[in-house]
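The values are calculated or read from the model by the stated rules, or taken from the named source; none is laboratory data. Please read all numbers here as calculations on a predicted model, not as lab measurements. In this analysis, Cβ positions are derived from the backbone assuming ideal geometry, glycine residues included, and neighbour counts consider all displayed protein chains. Calculation scope for accessible area: heavy atoms of the full protein, side chains included, ligands and nucleic acids excluded. Shrake-Rupley method; radii C 1.70, N 1.55, O 1.52, S 1.80 Å.
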Amino acid sequence: MLHGPVVRRRKLGEELRSLRHTAGLTSREAARLLGWHQSKVSRIETGASGVKPFDVARLLDAYAVRDSRLRSLLEVLAGSAGGGGAGWWHAYRELIPPQYRDFISLESQACTVRTLETSVVPGLLQTAGYARAVTSASLGGLSEDRLDSLVEVRLTRQRVLRTDPPLRFAAVLDEAVLHREVGGPEVMRDQVRHLARVSQLPHVCLQLLPFSVGGYVGLTGPFVIFSFPNISDLDVVVLDHLTRSLHLERKEDLDAYSSAFRALQAHALSPERSLDLITEIARS
């Protein structure tokens, strides 16, 4: 269980080492091509130090990597691993804590996100009114300007659902999420109607766990599984706690949470029946 940038650095280093081996180069030969000390290549590959996206691009040139999507992923990954970078969220670095920035960077790079939510609507599916009510309740005492900015961050995150190709998003929600009146009846009515609309997008799969299910795996808390294009072993599970987030990247952890999510989907209502229930709740 490691902090986001540490996980990212180690995963990035492992992938760069694999690409170097594929290119048939030793670390000494790679360093000589770039005019570096061999120790710099070693530190990058072990995750002991961060690496700038520009240097990742130079390494990929040396290894003759032409796959544009893989190159883009690894260069952006370098930014989230402590090597700099200019994701849109960096403009809010004075406003949002490092762990939230790490979460957003993972979300922006992922091709698939799977999440279980037991208490609130997932951030990618929130309306402005709901996001404002959740943020205000969870971070009391905020000034109006700060609250406005945090809601803006939440809504800007949702761009990943409108990119080409869009993020594939699968969410399992406890039915309790739709009955908790966050922000009051009007805010909840708008939020539930929004869920009904967004659940019909081809790249969004929304399922509800009705009260009738009783106990289920996941009652102990929500989780998010991020999956990435081209490199399956970059996948990571994020668990949010009150004071910190935990990032799980061991294969055993990933397998366990992936299995748990499949079980949740099997016990949940189908997407079609979930939409029916969402629509019913919206009307009531």
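In table form, for the structure just shown:
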| item | result |
| --- | --- |
| Mean separation of Cα contacts under 8 Å (6+ apart) over length of the chain, as relative contact order % | 19 |
| Computed Kirkwood radius, in angstrom, where 1/r is averaged over Cα pairs of region 4-76 | 12.0 |
| Total charge dipole magnitude, region 130-284, about the Cα centre, Cβ charges on Lys, Arg, Asp, Glu only, Debye to nearest 20 | 220 |
| Heavy-atom accessible surface of the chain: percent carbon and sulfur, 1.4 Å | 51 |
| Long-range tail of P(r) for region 76-190 (Cα pairs > 24 Å, %) | 29 |
| Normalised per residue, the volume of the convex hull around the Cα set of region 135-284 (Å³) | 141 |
| Lys/Arg +1, Asp/Glu -1 at C-beta; the chain dipole; positive extreme among Phe54, Val113, Ser149 | Phe54 |
| Principal semi-axes in Å for the chain [√(5λ), Cα gyration tensor, largest first] | 38, 21, 16 |
| Rounded tilt (10° steps) of 128-138 against the dominant C-alpha axis of the chain | 80 |
| Cα convex hull of region 29-139, projected area averaged across orientations, nm² | 9.2 |
